[in-house]
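What follows is a set of notes on a single structure, which appears directly below.
The values are calculated or read from the model by the stated rules, or taken from the named source; none is laboratory data. Note that the coordinates shown come from a computational prediction; the quantities given were computed from them, not determined experimentally. Cβ placement follows ideal geometry from the backbone for every residue including glycine, while neighbour counts extend to all protein chains displayed. Just the protein is used for accessible areas: all its heavy atoms, side chains included, with ligands, DNA and RNA removed. Shrake-Rupley method; radii C 1.70, N 1.55, O 1.52, S 1.80 Å.
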Amino acid sequence: LQYCTVAQKFQHYPRPVSIYTGRKTIEWRTVAGAGQVYAFTVTHRAPPAFRGCEPYIVATIELDEKVRLMSNVVECGPDDVRVGARVRLAWAPVGGWFNFPVFELCA
């Protein structure tokens with residue numbers, strides 16, 4: 001994630017300047033990929049790219065670094081997901097060369 005070295009905070013989505021200072025005081029930092037489900041919905045009708053995957057879970061994930069991003073919660077059923085549930089980053093292959101960030105429930 002991008003990190004503002006002046007504000008000492010992470011930001012997401014990536015931008016050319018810090019959302020806190022308006023300056024180019026940002027650098028990329030590795031994060032653990034752990035967080036919790038902030039909000040979610042279960043999708044039963046899918047666009048073409050997701051047909052055959054229904055139902056699937058679209059969630060806003062709040063990482064431990066206090067940034068939120070939208071993704072999917074995978075490897076579980078819709079009844080297993082709860083707001084506040086702990087999740088960890090996983091990767092779903094898309095095509096032969098690209099991985100998409102998804103999240104799995106922590107045991």
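Structural remarks
- Antiparallel bridges, percent of DSSP beta bridges restricted to the chain (to nearest 5): 95
- Per residue, the accessible area of the chain comes to 66 Å², computed with a 1.4 Å probe over protein heavy atoms only.
- Vicinal HN-Hα couplings computed from phi for the stretch 43-52 (Karplus, 6.51 cos²θ - 1.76 cosθ + 1.60; Hz; Gly/Pro x): 9, 9, 10, 10, x, x, 5, 10, 4, x
- Just the protein heavy atoms count here, and of the accessible area of the chain at 1.4 Å, carbon and sulfur take up 55 percent.
- Applying the criteria of a DSSP loop state and at most 16 other Cβ atoms within 10 Å to the chymotrypsin sites (Phe, Trp or Tyr not before Pro) of the stretch 66-107 yields TRP97.
- The chymotrypsin sites (Phe, Trp or Tyr not before Pro) of the stretch 4-43 that meet both conditions, a loop assignment by DSSP and at most 14 other Cβ atoms within 10 Å of the site Cβ, are TYR20.
- Computed 3J(HN,Hα) for the stretch 20-30, one whole-Hz value per residue from the Karplus formula 6.51 cos²θ - 1.76 cosθ + 1.60 where θ = phi - 60°, is 8, 10, x, 10, 8, 9, 10, 9, 8, 10, 6, glycine and proline marked x.
- With the gyration tensor restricted to C-alpha atoms of the chain, the semi-axes of the equivalent ellipsoid amount to 28, 16, 12 Å, longest first.
- Zero-based 5 Å bins, Cα pair distances in the stretch 42-105, whole percents: 4, 16, 27, 26, 18, 8, 2
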